[in-house]
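The values are calculated or read from the model by the stated rules, or taken from the named source; none is laboratory data. Every value quoted in this text rests on a predicted model; they were computed, and no experiment measured them. Heads up, the Cβs are rebuilt from the backbone with ideal geometry, glycines too, and the neighbour counts pull from every protein chain shown. Areas reflect the complete protein model, heavy atoms only, side chains present, ligands, DNA and RNA absent. Shrake-Rupley method; radii C 1.70, N 1.55, O 1.52, S 1.80 Å.
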Amino acid sequence: MKLLTVNTGPARAVEYSDFPTAIDKRPVEEAVWVSDPGPRGSGGSGLAGDAIGDRRHHGGSDQAVYAFAREDLDFWEGELGRPLPNGVFGENLTTQGLDVNNALIGECWRIGDRLVLEVTSGRVPCRTFAEWLGEKGWVRRFTRHAGTGAYLRVVEPGAVRAGDPIETVHRPGHEVTVSMAFRAGTIERALLPEVLAAGEALHPELLAKAREYVARHGGA
């Protein structure tokens, strides 16, 4: 398992959003420092030199880094019939040989010598993502596929660069994957009681949603 590219980008104004967006991320050759950016609202991206346009809905400690597998980009290349370069989905880390969607919530990866990241959630697609790709019906299509990539917290800061090895250093004892957690929060709400097995490792918004569901409907 390895890191193919580290991708960053500046925020810029676009016609289809009320906020600037930094979804247009490009690979960089130099090492990039990654650290906890602080809570959402004040904190942005965990990567130095990377921007978050809408800090009300993106970035912050629980979404400090976004990873997407090259294998999944290859899948979408086939589906969409066009090339998809690393970073085009707005991911900070494009990986190879790592099943990102089946990573467990709370799973930890070491990348390079020092950086340790913890998996928190899948990526919920938005209008900006759809407009950026120019694909009609993209939000629904991406959601149904449920191969979302993973948001990550920074457990131990460090510098990373393209080619660094990725090692799984902690794997929790539950079975709540990124894909399952995403489906629970979107199209399969009956799964919400099950994702509580991941406990505090869940993204706080999904944890609150799951607890509210159980309080109303039972099941945990």
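Only helical DSSP H runs with n ≥ 4 go in: add -39500 (n - 2.57) per run for the chain, normalise by residue count and round the 222 nm mean residue ellipticity to 500 deg cm²/dmol. It would help to have the intermediate numbers written out before the result.
Working: 6 runs with 52 residues, N = 220.
Value at 222 nm, helices only, nearest 500: -6500 deg cm²/dmol.
Which whole number of Å³ per residue matches the convex hull of the alpha-carbon atoms in segment 103-220?
Details: hull volume 14.1 nm³, N = 118.
For segment 103-220, the hull spanned by Cα atoms encloses 119 Å³ per residue.
Over all alpha-carbon pairs of segment 80-147, lay out the pair-distance distribution in 10 Å bins, whole %, shortest bin first.
16, 47, 29, 9, 0
Can you tell which of VAL119, TRP138, PRO83 lies farthest toward the positive end of the dipole of segment 23-156, using +1 and -1 charges on the Cβ of basic and acidic side chains (Lys, Arg; Asp, Glu)?
Of the candidates, TRP138 comes out farthest on the positive side.
Using alpha carbons only, what's the Rg to Rh ratio of segment 164-220 with Rh from Kirkwood? Walk me through the numbers on the way to the answer.
On the way: Rg = 12.5 Å, Rh = 11.9 Å.
With Rg and the Kirkwood Rh in hand, the quotient comes to 1.05.
Please report the relative contact order for the chain, taking Cα pairs under 8 Å with a sequence separation of at least 6, and give it as a percent rounded to a whole number. Each step should come with its number before you reach the end.
Values: 535 pairs, mean separation 50.2, N = 220.
Dividing the mean separation by the residue count of the chain yields 23 percent.
Compute the convex hull volume of the Cα atoms of segment 56-171, divide it by the residue count, and report the result per residue in Å³ as a whole number. It would help to have the intermediate numbers written out before the result.
Details: hull volume 12.1 nm³, N = 116.
Spelled out: Cα convex hull of segment 56-171, divided by residues, is 104 Å³.
Taking the Cα atoms of the chain alone, what are Rg (to one decimal) and Dmax (as a whole number) in Å?
In order Rg, Dmax, the Cα atoms of the chain give 16.5, 51 Å.
Once you place label points 7 Å from the Cα toward the Cβ at HIS217 and GLU79, how far apart are they in nm?
A separation of 2.5 nm, rounded to one decimal place.
So how far apart, in nm, are the two label points at ARG140 and ARG161 if each is 7 Å from Cα heading toward Cβ?
If labels sit at ARG140 and ARG161, their model points lie 4.6 nm apart.
Looking at the calculated P(r) for segment 1-105, what percent of the C-alpha pair distances fall above 16 Å? Write down the numbers at each step before the final one.
Details: 3252 of 5460 pairs.
For segment 1-105, the share of Cα pairs beyond 16 Å comes to 60 percent.
Let me have the relative contact order for segment 161-220, percent, based on Cα pairs under 8 Å that are six or more residues apart. Intermediate values should be presented prior to the final figure.
Values: 42 pairs, mean separation 16.0, N = 60.
Once normalised by length, the contact order is 27 percent.
How big is the gap, in Å, between the Cα center of segment 115-156 and the Cα center of segment 34-104?
Distance between centres, Cα-based: 7 Å.
At 1.4 Å probe radius, can you tell me the per residue accessible area of segment 65-153 in Å²? Mind showing how you got there, number by number?
Values: 3290 Å² over 89 residues.
The answer is 37 Å² per residue.
Might you work out the accessible area of CYS108 for me, using a 1.4 Å probe with all protein chains in place, and round it to the nearest 10 Å²?
Accessible area of CYS108: about 20 Å².
Could you calculate the contour length gain from PHE19 to ARG114, that is, 0.36 nm times the residue separation minus the distance between their Cα atoms, to one decimal place in nm?
On the way: separation 95, 0.36 × 95 = 34.20 nm, distance 3.38 nm.
Difference between extended and current length: 30.8 nm.
To the nearest 20 Debye, how big is the dipole of segment 77-220 about its Cα centre, given +1 on the beta carbon of each Lys and Arg and -1 on that of each Asp and Glu?
Numbers: 17 positive and 18 negative charges, 107 e Å.
Here segment 77-220 has a charge dipole of around 520 debye.
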